[in-house]
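Participant: Below is a structure I'd like to ask you about.
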Amino acid sequence: MERTAGAGGVAGKVMSMREAVAAFVRDGDTVSLEGFTHLIPTAAGHESIRQGRRDLTVVRMTADIVVDQMLAAGCVTRLVSSFVGNSSAGSLGELRRRVEHADPEPLAFEEYSHYGMVCRYLAGAQRLPFHPLRSYAGSDLPSVNPGIRKVTSPYPAADGSTEEIYVVPPVHPDVTFIHAQRADRRGNTQIWGLTGVQAEAVYAARKAVVVVEELVTDEVVRADPNRTLVPAHAVDAVVLCPRGAHPSFAQGYYDRDNAFYRAWSAISRDPARLRSWLEEWVYGTADHAAYVAKLGEEFWAGLAVGEAPSGSVDYGRRL
C-alpha cells in the first residue's frame, strides 16, 4: 500500500476541516477516529455529518459520543471498536438502539479487546498479514467475531509442544483523523499526555489528517524533537481547529466538559431530542469555529486549565 503526499506540497498540507473532509472522506470509506480520553477528533466527526457522508465504517477503539452522533446522523453502517459507552458518564442511546433493536436500522458491529485493536493497528502500520496475541484465551470474543482466528505457531512452545495462538487481521483505514496539541506546516505532529494509538493509526491508513490546537514554527518542533509522535512524511493534511476535541479535553489547552458527558445520556436516550441537538449544534453551525463561538467565552473560561510546564532538556552537542 503506497502513501502519497498531500496535493500541493508543504503549503497544500494546511487546509480547513471542510476541505480535508471533502478531499479525504468518501461515502463507503473506512474512517479511523483515534484519540484516547483526550484529543478525540470530534470536529472531524461533526464535519463528516455536515457534509452528509454515508455508509462509513468507523474504526475507533473507544466508541463514544462522537460515534453516537455520527450514527444518529446516518453516516455509519459498520463500527469496529473495543469499547462502547459514554466514558464513565452513562450510555449511548443511538448506538444501543441500533445494536439492541435495529432501530431505526441495524448496525454491523465488529468487536475486539483493546489490545486486539492495538494489534490490528500495529499489523496495519507494519504491513503484516496478522498480529498474534495471547489475551483471547478463555474469552468468548472469538465466538462472536470470525476475524479473530487461531494459527499454528511455526516455533515450539517452551515444553516443545505445538502451540495454537490467536491472531487478528490488520486494519487499513482509507483515512485516519487524529487530534493533537500542535504541528508545523509540514505535519510534524507533537502530542503529550495520553498518547493512545495515534501514531499506529496514522501509519496504518492510506491517508492521514492531523487536527491541531495550534500551528507552530519549525523551530518549536526542533526544540523538542522527541515529542513528535507523528512525522511529516506520514501526514497528508494539517487542520488548525482550536478546541476541536470538545467535549473531551486537550492536555494543556482546556479541560474535559464533564457536564456535557453527563447530559449526553438523557439527550441520546430520546431520538427526537438527539436529532434536535444535531440540528442546532452541528447542522446549525457552519463549522467548528461557529460551534465554539456558540458555546461562548464564558463557557470556555470554565474549562480553562492552569499552567504546568515541563522543563527543558539539554540534548548536548559536539564541541
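The values are calculated or read from the model by the stated rules, or taken from the named source; none is laboratory data. Worth saying up front: this structure is predicted, and the values here are computed from it rather than measured. Counting neighbours? That spans all protein chains shown, and the Cβs are built from the backbone with ideal geometry, glycine included. Protein only, heavy atoms only, side chains kept; ligands, DNA and RNA dropped before computing areas. Shrake-Rupley method; radii C 1.70, N 1.55, O 1.52, S 1.80 Å.
Participant: Restricting to DSSP H runs of at least four residues, report the calculated mean residue ellipticity at 222 nm for the chain, -39500 (n - 2.57) per run over all residues, nearest 500 deg cm²/dmol.
Facilitator: Estimated from H runs of four or more residues: -8500 deg cm²/dmol.
Participant: Could you rank the peptides 116-124, 13-21 by their average count of other C-beta atoms within 10 Å per residue, with the highest value first?
Facilitator: 116-124, 13-21
Participant: Explain nothing, just the number: dipole magnitude of the range 1-138 about its Cα centre with +1 on each Lys and Arg Cβ and -1 on each Asp and Glu Cβ, in debye rounded to the nearest 20.
Facilitator: 340
Participant: If you don't mind, there's one more thing I want to ask. What is the dipole size for the chain, taken about its Cα centre, with +1 at each Lys and Arg Cβ and -1 at each Asp and Glu Cβ, in debye to the nearest 20?
Facilitator: Once rounded to the nearest 20, the dipole reads 480 debye.
Participant: Between the range 178-249 and the range 13-27, what is the separation of their alpha carbon centroids in Å?
Facilitator: Comparing the Cα centres of the range 178-249 and the range 13-27, I get a distance of 16 Å.
Participant: Okay, next question. Taking 0.36 nm per intervening residue step and subtracting the Cα-Cα distance, what contour gain separates Lys294 from Arg317 on full extension?
Facilitator: 3.4 nm
Participant: Evaluate E = 1/(1 + (r/R0)^6) for Arg149 and Phe83, where r is the Cβ-Cβ distance and R0 equals 35 Å; express this FRET efficiency to the nearest 0.05.
Facilitator: 0.95
Participant: Okay, next question. Relative contact order of the chain: what whole-number percent is it, with Cα pairs under 8 angstrom and at least 6 residues apart?
Facilitator: Computed value for the chain: 22 percent relative contact order.
Participant: Among Leu229, Ile267, Gly193, pick out the residue whose Cα is farthest towards the positive end of the charge dipole of the range 171-282, where Lys and Arg carry +1 and Asp and Glu carry -1 on C-beta, about the Cα centre.
Facilitator: Most positive-ward Cα: Ile267.
Participant: Of the listed values [x] 1.59; [y] 1.03; [z] 1.13, identify the label whose number matches Cα Rg over 2.2 N^0.38 Å calculated from this model.
Facilitator: Correct label, based on the coordinates given: [y].
Participant: Oh, and also: Within the accessible area of the chain, what % is carbon and sulfur when the probe is 1.4 Å and the other protein chains stay in place?
Facilitator: Carbon and sulfur together cover 52 percent of it.
Participant: Leaving out ligands and nucleic acids, and using a 1.4 Å probe, what accessible area per residue does the chain come to in Å²?
Facilitator: 46
Participant: With r defined as the distance between the Cβ atoms of Ser310 and Ser135 and R0 fixed at 45 Å, what FRET efficiency is calculated, to the nearest 0.05?
Facilitator: It comes out at approximately 0.85.
Participant: A further question follows. In debye, nearest 20, what is the charge dipole magnitude of the range 84-156 about its Cα centre with +1 on Lys and Arg Cβ and -1 on Asp and Glu Cβ, if you could check?
Facilitator: Dipole about the Cα centre, nearest 20: 400 debye.
Participant: Let me ask something else. On a C-alpha basis, how far is the centre of the range 51-105 from the centre of the range 292-309 in Å? Whole number, if you could?
Facilitator: 28
Participant: So the label point goes 7 Å from the Cα of Thr217 along Cα→C-beta, right? Which residues of the range 171-195 then have their backbone N under 19 Å from it?
Facilitator: 182-190
Participant: Label Ala23 and Asp287 with points 7 Å out from Cα along Cα→Cβ: what is the distance between them in nm?
Facilitator: Between Ala23 and Asp287, the simple spin-label model gives 1.3 nm.
Participant: For every other residue with a beta carbon closer than 11 angstrom to the beta carbon of Val305, add +1 if it is Lys or Arg and -1 if Asp or Glu, then tell me the sum.
Facilitator: Here the charged neighbours net out to -1.
Participant: What distance in nm separates the two pseudo spin-label positions at Ala157 and Ala301, each 7 Å out from Cα along the beta-carbon direction?
Facilitator: That separation, rounded to one decimal, is 6.5 nm.
Participant: Find which of Pro146, Pro156, Tyr203 sits farthest along the positive direction of the dipole of the range 143-208, computed with +1 on the beta-carbon of Lys and Arg, -1 on that of Asp and Glu, about the Cα centre.
Facilitator: Towards the positive end, the residue furthest out is Tyr203.
Participant: Once phi is turned into ³J(HN,Hα) by the Karplus curve 6.51 cos²θ - 1.76 cosθ + 1.60 with θ = phi - 60°, what whole-Hz value does each residue of the range 156-162 show in order, with x for glycine and proline?
Facilitator: x, 5, 4, 8, x, 7, 7
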